[in-house]
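Just below is one structure, and these are the notes that go with it.
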């Protein structure tokens with residue numbers, strides 16, 4: 001898995017203070033995060049808080065922690081960045097989220113449905129969680145999922161996603 | 001569909017969701033009757049919808065990617081029918097909103113009228129849907145801590161109709177960005193004036209323990225009437241001692257110091273970098289590091305790709321280029337470390353013309369001349385006295401009896417001691433001065449070479465700063481220390497010459513006296529030439545360190561200067577002044593006593609003190625003057641017996 005190794009190598013270079021590695025890491029991580037973040041920001045807020053800025057700020061916020069982060073596979077980095085973006089969105093919005101109007105996800109599955117999904121996701125193993133997030137939230141191809149999870153190929157990634165989905169709905173139900 | 005098919009149906013649906021295919025839940029059949037399976041179906045339906053929302057979001061931003069991942073038509077289009085809410089405002093508290101001046105991510109700035117006090121203010125209101133109250137109040141509180149003519153003043157904060165706001169001075173004028181866009185690039189002298197004002201503002205900001213973090217042309221307004229520049233927008237300002245983990249990297253990327261991209265915290269040096277970029281922008285309308293996106297900027301910083309100001313504007317004064325390049329040095333340790341340091345450096349760029357010399361009265365000129373002459377004469381007298389005193393000690397001549405020398409004699413000796421080495425050092429220094437002057441003229445005639453030389457100077461300065469070697473006190477002490485070592489080494493190497501004044505001729509061994517013979521004078525002269533070369537090198541080294549210190553505004557303390565001056569002074573007194581009379585002032589009247597060859601050291605009444613070099617000790621004797629035979633000529637007292645002008649065959 002050369003790609004996986006290179007992401008981990010990048011993290012190692014970031015730890016050594018290599019600014020070129022930060023640039024590469026950002027190029028690799030920010031676009032999927034942007035796509036992911038759009039579903040979580042209320043439409044009414046989008047005019048005021050550009051998704052690009054939020055993700056960028058979150059990335060910079062996490063940067064100092066990257067120097068101490070030990071990642072076994074690239075999914076760990078994505079998870080940390082997603083968490084940072086989510087916190088950043090939460091901090092930016094009003095304490096009462098209802099006043100911002102629902103996000104696209106809340107409008108579609110309801111606040112309660114989204115909470116059930118989020119809670120169940122947290123109860124899964126990190127591998128299952130990464131599989132779900134990569135495929136369902138980041139809409140990555142099976143090849144990309146394979147790289148993120150460290151699976152040997154797309155078929156193995158598909159099997160991992162199916163298994164993770166089955167376990168997710170078990171927990172949700 | 002039967003109940004038995006439900007697990008299979010669920011597996012198929014899981015496959016569909018996993019593969020990103022749309023699921024028609026109505027066509028998928030009736031919900032399972034089994035409660036547990038039904039809950040699983042419901043959960044999967046939630047997951048499928050979540051997946052669909054994410055697909056539709058990606059479709060808006062990156063349709064190609066969706067097609068690549070899930071295939072065309074794999075999901076229904078998602079339409080966001082909501083529109084951003086608008087909050088038309090004409091009044092906020094007792095402020096009448098006149099005109100919107102600007103808008104940022106979190107706030108809007110209005111030109112407003114205070115209806116109570118009836119004057120204009122700039123009113124900043126937080127946008128309602130995004131209530132980052134903490135950040136907004138932080139900006140107001142930051143501003144309230146700073147009072148400076150070049151920093152916008154805040155007058156109050158309040159909340160009306162659920163909207164937070166604070167009001168400040170209304171500055172009627174364009175931002176520096178508008179000035180450059182509208183009127184073109186500025187001259188170096190104008191940029192220097194603006195830079196100095198902003199340095200004062202920045203120093204006031206830093207003095208309150210805050211870093212601004214968003215200094216840029218858009219955040220500086222030039223007052224239309226007074227031309228005063230005013231720094232504003234402290235939304236990103238943050239205490240320097242804030243919890244490091246809470247510090248957020250903010251700012252405008254083109255103005256952001258490279259270390260901020262690596263996650264380093266904002267510091268005074270990063271503010272100085274931003275101000276350097278602002279000055280660069282004022283004179284070029286561009287930025288030192290370009291990038292359309294943050295990724296491009298990161299790459300440019302990582303690859304060290306940046307435009308040198310001297311290349312973009314070759315007509316700018318070298319010193320201005322040097323200051324700006326120092327401000328935007330990639331390594332923060334190579335930048336200036338305080339706003340005051342930058343301001344002083346800018347002062348040197350366009351230094352005001354020196355005031356016309358005041359008419360000096362003749363009396364004042366006479367006074368200055370008298371002081372100079374007196375000081376010089378005093379110094380020469382002291383040097384002459386030391387030389388004479390050492391001679392007296394060497395020849396066992398009693399001061400006040402046989403040595404009747406006075407101020408005039410000392411002045412004469414002092415002049416002889418000083419004049420020759422000073423003239424020789426000036427002759428040695430002449431080609432050096434000529435080469436430096438020619439180099440400077442060449443740099444002026446060929447600007448490209450001048451810029452390279454200037455850049456080399458910056459590199460050298462950066463190197464010294466990076467190793468904490470730009471401190472004048474430290475470097476002058478090092479030069480003085482090395483000088484002391486070098487003079488010491490020279491003295492050791494020429495030990496017999498350097499300690500010539502420590503020979504007591506009255507009792508010294510004949511071998512020791514032989515060292516003083518005229519035949520050894522060339523060797524002594526060589527020692528003196530080396531001493532002069534060393535003295536010149538020392539003076540040049542001190543001058544270089546002093547000039548370098550002046551450029552970086554590092555001044556040496558009085559004690560350091562005392563050390564720097566003491567080293568060559570002591571060396572001069574020991575190696576030049578003290579032995580001078582013994583070595584060069586030893587031609588005395590030849591007066592023989594009986595068969596002994598002697599020289600008159602001094603006379604008192606009817607007694608004469610003579611030095612008889614060929615005698616066994618004691619060689620310095622007193623004799624009645626009428627017992628001595630005056631040969632009527634002078635001779636070097638250390639001349640060997642067989643080379644003396646009048647041979648004395650009966651001498652022992």
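Any idea which of (1) surrounded by fewer than 21 Cβ atoms within 10 Å (Cβ to Cβ); (2) modelled with pLDDT of 70 or more; (3) more than 14 Å from chain A (Cβ to nearest Cβ); (4) touching a strand residue (DSSP E or B) at 6+ places or on another chain (Cβ under 8 Å) is the one residue B:108 doesn't satisfy? Every condition holds for residue B:108 apart from (3). For region B:323-332, state whether one or more residues are under 19 Å from the mean Cα position of the chain (by Cα), within 14 Å of chain A (Cβ to nearest Cβ), in a helix (DSSP H, G or I) and modelled with pLDDT under 90. Yes: one or more hits.
Screening the candidates B:614, B:606, B:642, B:630 for the property of being without any contact (Cβ under 8 Å) to a residue 12 or more places away in the chain and surrounded by fewer than 19 Cβ atoms within 10 Å (Cβ to Cβ) yields one hit, B:642.
Report whether or not residue B:377 is touching a residue at least 12 places away in the same chain (Cβ under 8 Å) and farther than 29 Å from residue B:516 by Cα. Considered against the rule, which asks whether it is touching a residue at least 12 places away in the same chain (Cβ under 8 Å) and farther than 29 Å from residue B:516 by Cα, residue B:377 comes out as yes.
Do you know which of the residues in region B:278-311 that are more than 14 Å from chain A (Cβ to nearest Cβ) and over 24 Å from the mean Cα position of the chain (by Cα) is surrounded by the most Cβ atoms within 10 Å (Cβ to Cβ)? Walk me through how you get there before you give the answer.
Restricting attention to region B:278-311, the residues satisfying the condition of being more than 14 Å from chain A (Cβ to nearest Cβ) are B:278-288, B:290, B:307-311.
Cutting the leftovers down to over 24 Å from the mean Cα position of the chain (by Cα) gives us B:284-286, B:290.
On the way: B:284: 19, B:285: 15, B:286: 15, B:290: 13.
Selected residue: B:284.
Any chance region B:46-56 includes a residue that's part of a helix (DSSP H, G or I), within 29 Å of residue A:144 (Cβ to Cβ) and modelled with pLDDT under 75? Yes: one or more hits. Scan region B:117-127 and tell me whether some residue there is more than 8 Å from every other protein chain (Cβ to nearest Cβ), within 40 Å of the chain's Cα centre (by Cα) and at pLDDT 55 or above. Taking every residue of region B:117-127 in turn, at least one turns out to be more than 8 Å from every other protein chain (Cβ to nearest Cβ), within 40 Å of the chain's Cα centre (by Cα) and at pLDDT 55 or above. Residues in region A:123-141 that are more than 9 Å from chain B (Cβ to nearest Cβ) and more than 15 Å from residue B:50 (Cβ to Cβ) were compared, and the one that is surrounded by the fewest Cβ atoms within 10 Å (Cβ to Cβ) is A:125.
One residue alone among A:89, A:41 is modelled with pLDDT of 70 or more, assigned to a loop (DSSP other than H, G, I, E, B) and buried (at least 18 other Cβ atoms within 10 Å of the Cβ), and that residue is A:41.
Looking at the structure I just gave you, is residue B:190 surrounded by fewer than 22 Cβ atoms within 10 Å (Cβ to Cβ) and without any contact (Cβ under 8 Å) to a residue 24 or more places away in the chain? Lay out the reasoning, then the answer.
Details: surrounded by fewer than 22 Cβ atoms within 10 Å (Cβ to Cβ): yes; without any contact (Cβ under 8 Å) to a residue 24 or more places away in the chain: no.
It is false that residue B:190 is surrounded by fewer than 22 Cβ atoms within 10 Å (Cβ to Cβ) and without any contact (Cβ under 8 Å) to a residue 24 or more places away in the chain.
A search for C-beta distances below 6 Å between a residue of region B:34-52 that is more than 7 Å from chain A (Cβ to nearest Cβ) and in contact (Cβ under 8 Å) with a residue 40 or more places away in the chain and any residue that is crowded, with 21+ Cβ neighbours inside 10 Å and part of a helix (DSSP H, G or I), counting only pairs 6+ apart in sequence or on different chains, returns nothing.
I need a count of the residues in region B:207-222 that are at pLDDT below 85 and on the phi < 0 side of the Ramachandran plot. Break it down stepwise before answering.
Applying the first criterion (at pLDDT below 85) to region B:207-222 yields B:207-214.
Those still in the list that are on the phi < 0 side of the Ramachandran plot too: B:207-208, B:210-212, B:214.
Number satisfying all stated conditions: 6.
The values are calculated or read from the model by the stated rules, or taken from the named source; none is laboratory data. Not measured: the values here are computed from a predicted model. For neighbour counting, all protein chains shown are included, and Cβ atoms are generated from backbone atoms with ideal geometry for every residue, glycine included.
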